[in-house]
Amino acid sequence: MIVAGFAFTSCPPPAVASPRPDRPRLCATEPAPPTGSATTPPPITSGRDVWSFISEPDLHPQRVKVTAHRPGTAPGKIFVGPYAIGAPVVGQTGSLMSDNSGDPVWFRPLPSPDLQNADFKVQTYHNPWTGKAQPVLTWWQGSIAIPPTYTNLPGGAPEPGGCYYIYDNQYRLITTVSAHHGFNADEHEFLLTRRGTALFIATKPVPMDLRPYGGSANGAILDSEIQEVDLKTGKLVFSWDLLDHLDPADSEVPASDAATSGGVWDAYHLNSLDEGPGGELLISLRNFWAVYDISKKTGKIRWQLGGKKSDFALGPNADFYWQHDARFRPGNRISMFDDGCCNQPNGSPEQESHGLILDVDFDNHSATAARTYYHRPPLFSASQGNTQALPNGNEFIGWGQSSYYSEYAGEGNTEGKGAQNLLYDAQLPGSNISYRAFRNKWVGEPYYPPSAAVQARDGNNVIYASWNGSTQTTAWQVLAGPDPDSLSVVVRHAERAGFETAIPTDNPGPYFQVKALDAKGNVLKSSDVVTLTR
C-alpha cells in the first residue's frame with residue numbers, strides 16, 4: 001500500500017541478518033515488486049555515475065560528486081538512502097554509508113527500485129534485556145511515492161504496514177519494529193530511547209465527511225499518531241493521535257487536494273518527532289507550517305510555533321514553510337529544515353530552502369533567527385530534508401528533494417551567500433535524492449568475511465579485495481599457492497585504496513586468499529579461497 005506519500009511492505013519477525021549484506025533480508029513477507037515495474041523505471045547500474053566491483057559484482061551504489069571539501073569537517077561517515085522520483089535511480093536503492101571522498105564504506109542494496117530505505121543513521125540502542133548501550137544502524141524500509149496516492153482506503157482489504165530495522169556494528173539484525181492498532185509505520189521518524197523503547201510516527205487514512213473543509217462527503221483524512229513501543233515485549237506503551245488534538249481546518253493544504261491523492265486529504269503531514277530532556281515531545285506538521293511542543297505526561301499541547309495560531313511572533317528571517325526535521329537545541333533553541341516552497345501544484349516558492357535555527361523567547365513570546373544555512377546554487381526543495389547538529393559545532397544539511405548534502409561551520413550564512421562557511425558539499429547523480437542525510441561516527445566490524453576475486457591482466461594476476469562495511473581495514477595481505485591447502489604470503493602489505501583494492505602479483509596461483517589488516521598490522525579476518533579466472 002501507499003500512505004502519506006509512502007508505500008509499505010510488512011516486517012518479518014526478528015531474525016539474524018542474511019548471510020551477506022548484498023543479499024539483504026527484505027522487510028516483506030510477499031515477493032518484492034519486480035524491477036522496472038509500472039511505477040518505477042529500471043535502475044541505471046552501469047556507467048560513470050555507478051560503482052562496480054570485481055570482488056562484489058552484485059553491488060552497484062551511486063557515485064557522488066564532491067564539490068567542496070575544506071578543513072574543519074566533523075569526523076564520521078555519511079549516511080544516505082538514495083532513490084529517485086519518476087526517473088531511473090542511478091545505482092541501486094538501499095542504505096549507503098560513504099566517506100568524505102564519496103567512496104562507499106557499507107552498502108546494503110535492495111532488489112528493486114520500488115523499494116527504498118530512509119532515515120538511515122547511527123543511534124544508541126539501550127538493550128532492554130541487559131541495559132547496556134551500543135551504537136547501532138537504524139532505517140525504515142518501504143516504497144516512497146511522491147505525490148502520494150492511497151490504495152487501501154477505509155473499507156478496503158487491510159494491507160501490512162512498513163517497518164524499521166536495527167542492526168548492530170557487525171551488521172547483524174537485532175530486531176524489527178512495526179506500528180500498532182491499524183496504523184502503518186511511517187518513514188519520517190524512528191527514535192531509540194534510553195528506556196529501551198522506540199518512538200516513531202504511524203499513519204492511516206480515516207473516513208471523514210470533508211464538506212466542512214471544502215472536500216467531498218465520502219472522503220478520508222490521513223491521520224497520524226505518535227507511537228512508542230517497548231523493544232523487549234513489542235507492546236505499545238504510549239500513543240498520541242493528531243485527530244484528537246488538532247483541527248484540520250488549520251491546514252495550508254485545501255481539502256480539495258484529496259482529489260489528486262485517492263480521496264485522502266493529507267491535512268497534517270506529521271514529518272518529525274523529537275524528545276526533550278523533560279520528556280516533552282516536539283513535532284513538525286509540514287502542512288500546518290507549524291511545530292508543537294507536547295507534554296507527554298498530560299498529552300496536552302504546551303505551545304505552537306508558526307502556523308495560523310502561533311503562540312510566538314516570528315522575527316525577520318524566522319518564518320518557515322513546509323518545514324521538516326524540527327529538533328530541540330540547548331538554550332531554548334529549535335532547529336529545522338525550512339523547505340520554504342513548492343508544495344502546491346503551479347505554486348511559487350514562499351522562499352529559498354535553508355537550514356534554520358531559532359531562538360525562542362518564552363517570556364516575550366517571540367522567535368528570532370539565530371543561524372541560517374543557505375546553499376550555492378540556491379535550492380528549492382519541494383519536500384524532505386534535515387538539519388543535523390554535529391559534535392564540533394558544525395551543521396550537516398540534507399537537502400531532501402534537491403540532490404545535495406552539505407556541512408557548514410556553525411556560524412552559517414545568509415541568503416545570497418551560500419558559499420560562506422561551507423566546508424563540505426556533495427551532489428548525488430542523476431535524479432537521485434535522499435530523504436535525509438547524516439554524518440555519524442561509526443565502527444563497523446562485519447561478522448562475514450572479506451571478499452576476493454582474481455583475474456589475469458597483462459601477464460600478471462590481479463587480486464581484488466574488499467570488505468563491505470569494515471572501517472578498521474587499512475591494508476591487505478595476499479596469499480597464493482598451487483592448491484587451497486598450500487597457500488603462502490606473496491604480498492605482505494598492500495594499502496587499502498577505497499572500497500575495492502586491486503593488488504597485482506606475478507605469482508601464478510591459481511588459488512588466492514586475502515587477509516584484512518588493521519592499522520597495527522593485525523589480521524582481522526580472511527576471505528574465502530578464490531580461483532584464478534581467465
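Of the residues screened, Pro61 is not one that is under 26 Å from Leu191 (Cα atoms) and in contact (Cβ under 8 Å) with a residue 24 or more places away in the chain. Checking Trp399 against (1) open to solvent by 10 Å² or more (accessible area, probe 1.4 Å); (2) in contact with a Leu (Cβ under 6 Å, 6 or more places away or on another chain); (3) touching a residue at least 24 places away in the same chain (Cβ under 8 Å), only one condition comes out false. Which one? Going through the list (1) open to solvent by 10 Å² or more (accessible area, probe 1.4 Å); (2) in contact with a Leu (Cβ under 6 Å, 6 or more places away or on another chain); (3) touching a residue at least 24 places away in the same chain (Cβ under 8 Å), Trp399 breaks only (1).
Take the conditions at pLDDT 95 or above and touching a Lys or Arg at 6+ places or on another chain (Cβ under 7 Å) and apply them to Leu242. Does it pass? Break it down stepwise before answering.
Numbers: at pLDDT 95 or above: yes; touching a Lys or Arg at 6+ places or on another chain (Cβ under 7 Å): no.
It is false that Leu242 is at pLDDT 95 or above and touching a Lys or Arg at 6+ places or on another chain (Cβ under 7 Å).
For region 42-51, a residue qualifies if it is assigned to a loop (DSSP other than H, G, I, E, B) and either in contact with a Phe, Trp or Tyr (Cβ under 8 Å, 6 or more places away or on another chain) or open to solvent by less than 40 Å² (accessible area, probe 1.4 Å) (or both), and the qualifying residues are Pro43, Trp51.
Taking the residues in region 495-515 that are among the aliphatic types (A, V, I, L, M) and closer than 15 Å to Ala453 by Cβ as candidates, determine which candidate is most open to solvent (accessible area, probe 1.4 Å).
The initial filter retains those residues of region 495-515 that are among the aliphatic types (A, V, I, L, M), namely 497, 502-503, 514.
Next cut, closer than 15 Å to Ala453 by Cβ only: 502-503, 514.
Details: Ala502: 60, Ile503: 6, Val514: 0 Å².
Residue satisfying both the conditions and the ranking: Ala502.
The requirement of being over 13 Å from Ala426 (Cα atoms) and at pLDDT below 95 is satisfied by Gln116. In region 112-122, which residues are open to solvent by less than 10 Å² (accessible area, probe 1.4 Å) and either assigned to a strand (DSSP E or B) or free of Cβ contacts under 8 Å to residues at least 12 places away in the same chain (or both)? Across region 112-122, the qualifying residues are Gln116, Asn117, Ala118, Asp119, Phe120.
Can Asp485 be described as farther than 15 Å from Ala452 by Cα and either open to solvent by 60 Å² or more (accessible area, probe 1.4 Å) or touching a residue at least 24 places away in the same chain (Cβ under 8 Å) (or both)? Spell out how you get there, then give the answer.
Details: farther than 15 Å from Ala452 by Cα: yes; either open to solvent by 60 Å² or more (accessible area, probe 1.4 Å) or touching a residue at least 24 places away in the same chain (Cβ under 8 Å) (or both): yes.
So Asp485 fits the description; yes.
Kindly establish whether Pro330 is out of contact with any strand residue (DSSP E or B) (no Cβ under 8 Å at 6 or more places or on another chain) and either closer than 23 Å to Ala267 by Cβ or free of Cβ contacts under 8 Å to residues at least 60 places away in the same chain (or both). When the stated conditions are applied, Pro330 passes them. Scanning region 217-235 for residues that are surrounded by fewer than 17 Cβ atoms within 10 Å (Cβ to Cβ) and either under 22 Å from Tyr167 (Cα atoms) or in contact (Cβ under 8 Å) with a residue 24 or more places away in the chain (or both) gives Asn218, Asp230, Lys232, Thr233, Gly234, Lys235. Residues of region 275-296 that are farther than 18 Å from Phe337 by Cβ and modelled with pLDDT of 95 or more: Glu275, Gly276, Glu280, Leu281, Asp293, Ile294, Ser295, Lys296.
When the residues of region 414-471 are filtered to those that are of a type in the set (Val, Ile, Thr) and closer than 23 Å to Val64 by Cβ, which remaining residue is least open to solvent (accessible area, probe 1.4 Å)? Before the answer, list the steps.
Step one: of region 414-471, the residues of a type in the set (Val, Ile, Thr) are 414, 433, 443, 454, 462-463, 471.
Filter once more, keeping what is closer than 23 Å to Val64 by Cβ: 433, 443, 471.
Details: Ile433: 10, Val443: 71, Thr471: 35 Å².
Looking at residues that are of a type in the set (Val, Ile, Thr) and closer than 23 Å to Val64 by Cβ, I get Ile433.
Considering Ala516, Ala497, which residue is touching a Lys or Arg at 6+ places or on another chain (Cβ under 9 Å) and closer than 27 Å to Ser95 by Cα?
Values: Ala497 fails: touching a Lys or Arg at 6+ places or on another chain (Cβ under 9 Å).
Matching residue, one of Ala516, Ala497: Ala516.
Candidates are the residues of region 142-171 that are modelled with pLDDT of 95 or more and crowded, with 16+ Cβ neighbours inside 10 Å; the one that is nearest to Leu236 (Cα to Cα) is Tyr164. Does Tyr408 count as open to solvent by less than 10 Å² (accessible area, probe 1.4 Å) and either out of contact with any helix residue (DSSP H, G or I) (no Cβ under 8 Å at 6 or more places or on another chain) or under 26 Å from Arg302 (Cα atoms) (or both)? Yes.
For the subset of region 173-196 comprising residues that are part of a strand (DSSP E or B) and closer than 12 Å to Asn127 by Cβ, which member is most open to solvent (accessible area, probe 1.4 Å)? Give the steps one after another, and end with the answer.
Pass one, region 173-196, residues part of a strand (DSSP E or B): 173-177, 184-192.
Still in the list and also closer than 12 Å to Asn127 by Cβ: 174-175, 192.
Details: Ile174: 50, Thr175: 18, Leu192: 27 Å².
The selected residue is Ile174.
The values are calculated or read from the model by the stated rules, or taken from the named source; none is laboratory data. The model shown is predicted, which means the values in this text are computed figures rather than measured ones. Cβ coordinates were reconstructed from backbone atoms using ideal geometry, including for glycine residues, and neighbour counts include every protein chain displayed. All accessible areas refer to the heavy atoms of the entire protein, side chains included, with ligands and DNA or RNA removed. Shrake-Rupley method; radii C 1.70, N 1.55, O 1.52, S 1.80 Å.
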